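Heads up, the thing below is written out as structure tokens.
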Amino acid sequence: MVAKITYYLAIMLIIGVIIGLVIGINIPRGVAPTETITVTVTTTVPQPTVGPLSIAVIYVTPIEEPWNKALHMAMMWAQENLGIKYTYVEKISEADVDRVIRSYVDAGYRIIFPHSWGYWSTTIRVASEFPNILFCQGSGPTDQPWPNNVVLYDYYIQDAAYLAGYVAGLITQTNKVGVITAFPVADVNNLVNAFIKGAKDANPKVTPYIIYIESWFDPTKAKAAALSLIAEGVDVIYSERFGVEYAADEHYKSTGKRVYVVGNIVNQNEAAPDVVIGSVVWDLRPFVSYIITNYMAGTLKGGIINWTMKEGWSRFVWNFKLLEKGVIPPEVFTKVSIIEQKLITGEIKVEQVWEDPRKIWLTGT
Amino acid sequence: MKVFFKIIKWREKLGVLNVLASILAVGIGMAILVLSLYMCQINISLGLQTIYAGSLGRYNSISETLLRATILALISYGLIISFTAGVWNIGAEGQYIMGAIASTIVCLTLGNILGYFLIPLAMIISVIIGAAWALIPGLLLVKLNINEVLTTLMMNYIAQYILSWLVTGPLQDKTSMFPESPYIPKQAFLPRIIPIYRLNYVSLILLILLAPLIHIVLGKTWFGLSLKILGSSKRTARYAGINVNRTIIISIVISGALAGLAGALEIMGVQYKLRPGIVQGYGYTGIVITLVGNLHPYGALLASVLMASLINGISETCQLFQIPIGLAQILQGIFLITVISLRFLFRFLIEKYSKVYGE
Amino acid sequence: MSKMEIPFLVYLFKDAIWLMTPLFFAAISEMLVEKSGVLNLSLEGIMLISAFTAFAITLQFQNPYLGFLIGSLSGILINIFFYVLFQLIGISQTLAGLSLTIFASGLTFFLFRMMIGYAISPTPPLLKNTIGELAIPYLSDLPFIGIIFFRQNLFAYLLIPLLFFFYIIDNSQIGLKIKTIGEEPAMADSLGIDVYKYRLILIIIQGFLCGAAGSILTTSIYNTFLDNITAGLGFIAITMVILGGWNPIKTFISCFLFGFIYALQFRIQMLGFTWLPYQFTLSLPYVATIIFLVLFGRRYKPPSSLGKTYKRIK
Amino acid sequence: MANSDDKILLQTINISKTYPGGIRALDKVSFELKEGEIHALLGENGAGKTTLIKILSGILHPDEGKILYNGVEVAFKNPLDAMSLGIGVVHQHPLLIPNFNVYENLKLYATIIRQRLKIEELTNLLKIFKVEKSVLDKKIADLPSSIRQKIEILKVLLFKPKVLFLDEPTSALTPIEVEELFNILKDLKEEKKSIVFVTHKIKEALKISDRITILRRGKKIATLENKGNLQEDVLATLIVGDTTLKAVSEKVEGLPRNASDEHVLVVEDLHARDDLGIYRLKGFNMKLRRGEILAIVGVAGNGQKELVECLTGLRRFDKGNIRYFNSIYTHIVDFCDVVRKYKVSYITDDRIHTGIARDLDFLTNIMLRDICIEGRGIFIDKKYFVKRAKEMIAKYDIKAPHEKILVNQLSGGNIQKLIVARELEVKPSIIIAEQPTQGLDVKTTIFVRSLLLSAKGDTSILLITYDLEEALSLADRIIIMYDGKNVAEHSSKDIDLKRLSLEMLSGVT
């Protein structure tokens, strides 16, 4: 048996060597791909629209994902109120984005939003090629040489997350606060850290629980993870990823006990009005409007957008239904409102902490 | 219908009809495409123009389409070999993933040591790993007589989980937000034909050279003949003195090797890093291409270019006219169903209506 | 930890049962069909299409039970199409199944987008009325057991009757005939067992159950439809059948184990075992199946004519 | 003892059956079975015994003729109809599902005939058959064939059929077990059951039966009362027939008859088992001389299949050796190697499933044998094969319009011509021909035989056939094979037909 496997492996080795050598070595090596060559591209695609400013957004996943939805909603709003033409395409893999951007450029789109981290290197390359076109890159490394026609933005909504954490710290009964999140990476850590810090500031006895579902969008996994947190006695969960609402809602309907959920990125209060206490909302409308008006006026500069609550970049949106019903005590609301004011005026500043929250908060427990 | 039977009598060749089936299937697929454009209220000529522009109408589109076609064709070439031998290797997807993983690891670990030998070495290793991944179901089939469809299918998922683990664990780029590996070193980038477009020499050469090579192997060598006989009947193959087990293993290993090579091309020529996004269902699209291409390398070549054009062109149409993406996949399914239905239908008609000689 | 141990296990089991429900619906139906010699790889496609149908109908008529029913019926429709492809046209079952799956995954997303279009609601289009958890009075108040077994989804209560039903079928005279068809279709046919009829009936039953599995996803578990909502569940179901060695009880157990592993992965994280990548636990069913096939190849032998379409010789 | 005025239970009147392909398996056979008798059905292979059983049990439908049961005409649509009348059949090849255990198989049979499985009777029968009860849980595939055969008989007896057909039930049983079976059958006869006992073994027929019907080539020859006065040799002549004698004189004359003494293929003391692990070859010896036709004659199932499989490397043998020319093989790993070295050709008897690749074209099929002979090179010389194909079509009178036609569009006779032509065209030094004319029409049969005869000389031919006439008309020497051994050898010049048939049918020398 072993001898035979070795024999097969040898055959494979030979095949591999032959193919590799024949192809790999004898080929003239071209110029390694460079990032700064500009070419003129002939357009064969007829312009689909004439007139208003056309903006194209490229999403990596279906628009149902909150990260996409936030921008999608802002764009839909802009289309109605600012008179732009908005087109989007979803489910574009990182390998294809190059082609997609080029075809949008060819079709006459002036502003392009590659709305995913995975697109950043392509954006740098293509943006250098088309200096006349504005690229708004949704998240990317801050230490890269971004061309002048790129605006880099990311969901730096840590102050709203801090506020949500504060709420959680105030209303938790069991002193157990959970977070369902995607991956332990910088941008996500930023939010998780802010949330836990908020909770600890409000209530130092709080124990945080963090679960990574290792996926950007997987509601079942998030739901199953949330159920495990609920079983553990956690009574406020920050749904950094979508799907926790279902679990809490189900739990409420079957047992009558409320496990509060904080939505993230978009207003998820409607997903389960009985249990969602409020949402950390990434409101991109001011941003989109800022981009469009400045672009029209010719005053837009590339760079990294680092806005806070003050600019309307992030908000904590209460679920007023719960407030009206008195489920959330009014004193919590007033307390939080004071903190919110302090955040807006800059009295309290929430630092961006990129480190793994498990290392910061879970040590010693 | 009568004319059709006349055609059968005129030419008792299944081959011609199989080609006809492929053409008809493509035609039906196109008709459905047009129909769906119409249903989405898009000017049909404008829509078709956009599909053309997105697939072959611009330099960049040509480059992208051919690039995709090379990877699909490579997988398909391998599948031709195993399908001809009657081994239903559904696991090209997994073999492709393993090839991609192998080449990434080689490029990342040995990138700075090897210089010019990096590309060939990475390719060799990914070919070997792809082949080894295919060898497992092959051995299970030969030694324990376990259905290869089930095992290859399961191996796909295992490969996918290995990929997912590697990009969130050992291979992950620590500075990245996403589960992905760092970029492979520059010297591992496959040399491009025109520097700003991603189409590279290696892919193009493989696309063009392998088709006649496979054709010669299948049509003109004794090995190809034994594959065909094995695919027709195992008993006949045994009767003819063919070592059935060895031939099965070799066929599935070759298909795995080529799928692994496709994975390497995807990493070194397209993505330049390992990420879950390399999994795009190419293994399954490869099956579609193999069958639409009538188990013939030139057919596969054409079909892969056609399929890549459709994927790119439809994607462009979708993005410009705001049609839901997914149309390309629907067409794939329709191609597959129609082409095999028609082939079986033709075969049935031939067996039923054509003359039997000697009675 | 010690104080929490019991609820921890209780909810672990509860979640395992919750997670295995759609899986078992799909797996048990596949088991019987495979016993009759049909390898249906279109499970994933059927589940996708019925999930979408159930979602669309529920959204339209605001009645999850109607949605569930029509979704399940749509499963029958697709499966009959599958039957036509392999039995009447003569396509190999493997290819027919795979092409249906490819087709369905494109079609459902396409239709979903056509239907929902530019939705600007911040959350995915949620179903207001769903088939939710159903606590059984009195019994659900029992300690531990009440939570595990009597505070479940409506469909989870159907698991045991379903298993019971299939166990009886499996051990009945009809089951024997089905197995004969799967082993020696020609012999079965010569003994007067109508192979075509039996396979068609089984395909219809499977269509319904698989459609139910898909409908459960949208009307009871997710409350919405998403792209690729099944996420490979159909193929996992096929794996479960093999792992269960074509035995209803073992299939049940392996489905439960899958649900258990799935539910466990988060708790493992919560308890701080971060060194164990979740991919290992999730790929476990596949790896285990292959290992079992290698080690106990004889016992895990599929029905002899699995995947081979029977044609009566005139 | 049954009397002539006993009631006739089952009767056929002028039953005929022609298989697709033109083989007339039954030709106006009238047969009657009385109540409470054991009726033996004797005949060679292909005499039509099994076909008759299959028709009477509803598996096959007769082309013409009537079946009467209790004097009423019946038409069986499927086996169920026959079973419901109380007809039970023990088939030659047990109709048991290999992956089911014994109990499941019995249960299945009970389900099909819509009766309940009675446990006490089952235990009782198991005791009578001396089968342990633990066998019930074992898979059929794991059981030795003698127990399988017993299970098959038991399965039928369990449900107390009125009429019992036993098709070669003793082929897998030891002599002691045969005795036991006979005792059971006699007991059944006492219970007024009617039994049809199909066999080709004269001794068994004489021992057990009340009456004997002899079939030859689809025709009923005679029905004899067995009152202990029948002679074996008389029966043997009746079974084999006189026509075979005529065949000897028809043999093509003028071809080289005397071969050299050089042995090209020698088989010594060959022992081999079948798929179930039963020894089928028990010390077989044979020597094939250069330039002769050596026929191995025997009733099917005496090890011929296994012999051919051993010779062509499809089966491993446990003991003994095979010598091709100067090379001695204790097992043949790679038949291809033998073919390449010594140009060995092999004409299989399963021409549709094994002899050709059905989906491929004519041209590909004529290259089949060359895979071994030339296949160690890389490329195929297609032009050469196209030329050869065209020549073959002309030379062997194969009715194919062109060489690219699909083989499954050819008729059975044409396919056989293709196979013979292909195997002859490689200019072999040895041809192993397994029933080369089975199922062919008269014209093609003569053509194929003449091809084999004309190839003789340069080529040595090992002819394995169940057809004595064919052996007599072709062979220079004849070896009689019985029970895995060579029992006798004759030169075709001095044939004592009676002795020959006796040896063939009962292994007596």
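Values in this text are rule-based calculations from the coordinates and carry no lab data. Fair warning: this is a prediction, and the values are worked out from it, not measured in the lab. As a convention, Cβ positions derive from the backbone with ideal geometry for all residues, glycine included, and neighbour counts pool all protein chains shown.
Things to note:
- For region A:54-153, the mean projected area of the C-alpha convex hull, equal to one quarter of the hull surface, is 5.8 nm².
- Computed helical MRE - 222 nm, chain A, DSSP H runs ≥ 4 contributing -39500 (n - 2.57), nearest 500: -13500 deg cm²/dmol
- With the simple spin-label model, which puts each label point 7 Å out from Cα in the Cβ direction, the D:Tyr103 to A:Lys257 separation comes to 4.8 nm.
- Degrees, to the nearest 10: A:285-297 long Cα axis against longest axis of chain A: 40
- Cα gyration tensor, region C:4-111 - rounded (a/c under 1.5), prolate or oblate: oblate
- Where GluC sites (Glu not before Pro) fall in DSSP loop in region D:65-165, at most 13 other Cβ within 10 Å: D:Glu132
- If you take the Cα centroid of region D:389-460 and the Cα centroid of region B:187-258, the two points sit 35 Å apart.
- Between 0 and 90 degrees, the angle of helix D:145-157 with respect to the longest Cα principal axis of chain D falls at about 40 degrees.
- Kirkwood's formula applied to the C-alpha pairs of chain C gives a hydrodynamic radius of 20.4 angstrom.
- Evaluated at q = 0.11 Å⁻¹, the base-10 log of the normalised Debye intensity for chain B, with identical point scatterers placed on the Cα atoms, takes the values -0.79.
- Size of charge dipole - chain B - debye, nearest 20, with Cβ of Lys, Arg +1 and Asp, Glu -1, no other charges: 1020
- Rule-of-thumb Rg ratio for region B:12-153 [Cα; 2.2 N^0.38 Å; N residues]: 1.43
- Set of lysines near B:Lys186 by C-alpha distance (under 23 Å), chain-local residues within fewer than 8 positions excluded: B:Lys174, B:Lys273
- Which of A:Phe130, C:Phe25, D:Phe362 has the fewest Cβ neighbours within 10 Å, and the rest in rising order: A:Phe130, D:Phe362, C:Phe25
- Coil-residue trypsin sites (Lys or Arg not before Pro) of region D:351-447, DSSP, other Cβ within 10 Å capped at 13: D:Arg376
- Ranked list, fewest to most other Cβ atoms within 10 Å of each Cβ, for B:Lys174, A:Lys342, D:Lys219: B:Lys174, A:Lys342, D:Lys219
- Debye log10 I(q)/I(0) for chain D, one point scatterer per Cα, at q = 0.05, 0.06 Å⁻¹: -0.22, -0.31
- Shown for chain C are the DSSP H helices of 20 Å or more along their axis, judged by Cα atoms, with a mean Kyte-Doolittle hydropathy of at least 1.0: C:5-35, C:43-61, C:64-83, C:93-116, C:195-216, C:248-270, C:278-295.
- Amide H within-cut-off set for A:Thr207, under 5 Å, with H built and near neighbours excluded: A:Lys176, A:Val177
- Using Cβ point charges alone (K and R +1, D and E -1), the dipole size of chain D about the Cα centre works out to roughly 820 debye.
- The alpha-carbon positions of region C:103-248 define a convex hull whose volume is 165 Å³ per residue.
- For region D:81-112 versus region A:82-135, the spacing of their alpha-carbon centroids is 71 Å.
- Between D:Val178 and C:Ile201, the simple label model (points 7 Å from Cα in the Cβ direction) yields a spacing of 4.5 nm.
- Helix axis angle, D:442-455 relative to chain D longest principal axis, alpha carbon, degrees: 50
- Neighbouring Cβ atoms from other chains, within 10 Å of the Cβ of residues in C:107-114, number 6 on average.
- Two-decimal ratio, region D:8-241, of alpha-carbon radius of gyration to 2.2 N^0.38 Å: 0.99
- Averaging the Cα positions of each part gives two centres, and for region D:140-209 and region D:291-307 these lie 27 Å apart.
- Placing one equal scatterer on every Cα of the protein assembly as shown and applying the Debye formula, the log10 ratio I(q)/I(0) at q = 0.06 Å⁻¹ is -0.69.
- Within a Gaussian network of chain A (alpha carbon springs, distance under 10 Å), most fluctuating of A:Gln173, A:Gln144, A:Gln352: A:Gln144
- If you wrap the Cα atoms of region D:363-509 in a convex hull and average its projected area over all directions, you get 10.4 nm².
- Within the protein assembly as shown, DSSP assigns beta bridges of which about 45% are antiparallel (rounded to the nearest 5).
- Entry note, chain B: the mean residue ellipticity at 222 nm calculated from DSSP H runs of n ≥ 4, each adding -39500 (n - 2.57), is -25000 deg cm²/dmol after division by the residues and rounding to the nearest 500.
- Overall form of chain A: oblate. Here a/c, set by the Cα gyration tensor axes a ≥ b ≥ c, is 1.5 or more, and a/b is not larger than b/c.
- Peptide D:458-465, shielding by other chains (average Cβ, 10 Å cutoff): 0
- The Rg/Rh ratio for region D:347-426 is 0.93, where Rg is the radius of gyration of the alpha carbons and Rh is the Kirkwood radius.
- Under Karplus coefficients 6.51, -1.76 and 1.60, residue-wise ³J(HN,Hα) of region D:173-186 in Hz, glycine/proline x: 9, 7, x, 5, 5, 4, 4, 4, 4, 4, 4, 4, 4, 5
- Net dipole in debye of the protein assembly as shown [+1 Lys, Arg Cβ; -1 Asp, Glu Cβ; about Cα centre; nearest 20]: 2340
- Cβ-Cβ FRET estimate between D:Asn124 and D:Asp27, R0 fixed at 51 Å, reported to 0.05: 0.75
- Inter-chain Cβ neighbour count for D:408-420, averaged per residue, equals 3 (cutoff 10 Å, partner chain atoms only).
- Over chain B, relative contact order from alpha-carbon pairs under 8 Å, at least 6 apart, %: 35
- Summarised in one figure, the compactness ratio Rg/Rh of region A:205-360, Cα atoms and Kirkwood Rh, is 1.02.
- Distant-in-sequence amide contacts of D:Ser460, defined by a placed amide H-H separation under 5 Å and a gap of 5 or more residues or a different chain, comprise D:Gly291, D:Ile430, D:Ile431.
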